[in-house]
Amino acid sequence: MIKWLFFDLGSTLIDERECDEYRLQDLLRQENAPGREVLEQRIMENVARGGSPYRHTVRDLGMKGMDWPQHLEKLYEGVPEVLEELHGRYHLGVIANQSLGTEERLVKFGIRQYFDVILSSAEEGVEKPDTEIFRRALKRTACMPEEAYMIGDRLDNDIEPAAGLGMHTIWVKQAMYACADLNSICCKPDIVVECVRDLLQHV
């Protein structure tokens, strides 16, 4: 019986496409910038390899990176409504790689009230795909792995480590990591959806 739904944030609940485009435009303005097509191709190659595609691309091409433009983040359409409906049936939590101030950002987005527990890498001192952050979430909520779903956009950070602990998993196949290769991981997601709104058809 499923009791808990744990969510990633970036590119799962929070739409980061404007942030990604803003950083791409910054790279294109640099003197040593290749063309947009070359940059996008290199970023997608690094997506396939896992890790941070932006940081790796900046490093590989000897370019100057910029801080994350947090002010451009927004919720995906329908997120508050989906969370409100799910909150009536399950306990909801967050397991996310985020900078300090995650709870305050959720308040700003108007969705803090839906979550019973929030584990952010900055506050916890450990980040996905390290299974420790998942273990802490399960321990803190007194939840058995088989009683929970982990919901996220990344196969390497969200799906595989959670599944390895015995959690059920849902891959939200959107944004940059929608092109990730399922064959790159050993533990496949139990459910694949195209957007957060589709969750209501499965849980």
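The set of residues from region 139-150 being crowded, with 24+ Cβ neighbours inside 10 Å and more than 15 Å from Ser120 (Cα to Cα) comprises just one member, Ala148. Pairs meeting the criteria (first residue in region 89-100 and more than 11 Å from Leu5 (Cβ to Cβ), second residue in a strand (DSSP E or B) and polar (S, T, N, Q), beta carbons under 9 Å, at least 6 apart or on different chains) are Ala96/Ser120; Asn97/Ser120; Gln98/Ser120; Ser99/Ser120; Leu100/Ser120.
Within region 132-151, being in a strand (DSSP E or B) and more than 12 Å from Leu5 (Cα to Cα) holds for no residue. Among the residues of region 110-131, those that are assigned to a helix (DSSP H, G or I) and either among the aliphatic types (A, V, I, L, M) or within 16 Å of the chain's Cα centre (by Cα) (or both) comprise Ser121, Ala122, Thr131. Out of curiosity, is Ala178 in contact with a Cys (Cβ under 9 Å, 6 or more places away or on another chain) and not aromatic (Phe, Trp, Tyr)? Considered against the rule, which asks whether it is in contact with a Cys (Cβ under 9 Å, 6 or more places away or on another chain) and not aromatic (Phe, Trp, Tyr), Ala178 comes out as no. Residues of region 157-203 that are in a helix (DSSP H, G or I), surrounded by 14 or more Cβ atoms within 10 Å (Cβ to Cβ) and among the hydroxyl-bearing types (Ser, Thr, Tyr): Tyr177 alone. Of the helices (runs of 4 or more DSSP H) entirely within region 1-90, those holding at least 1 residues that are surrounded by 12 or more Cβ atoms within 10 Å (Cβ to Cβ), at pLDDT 95 or above and in contact with an Asp or Glu (Cβ under 7 Å, 6 or more places away or on another chain) occupy 17-28.
The values are calculated or read from the model by the stated rules, or taken from the named source; none is laboratory data. Predicted model, so just to flag it, every value in this text is computed and none were measured. Because the Cβ atoms are built from the backbone with ideal geometry, glycine has one as well, and the counts that use them run over all protein chains shown.
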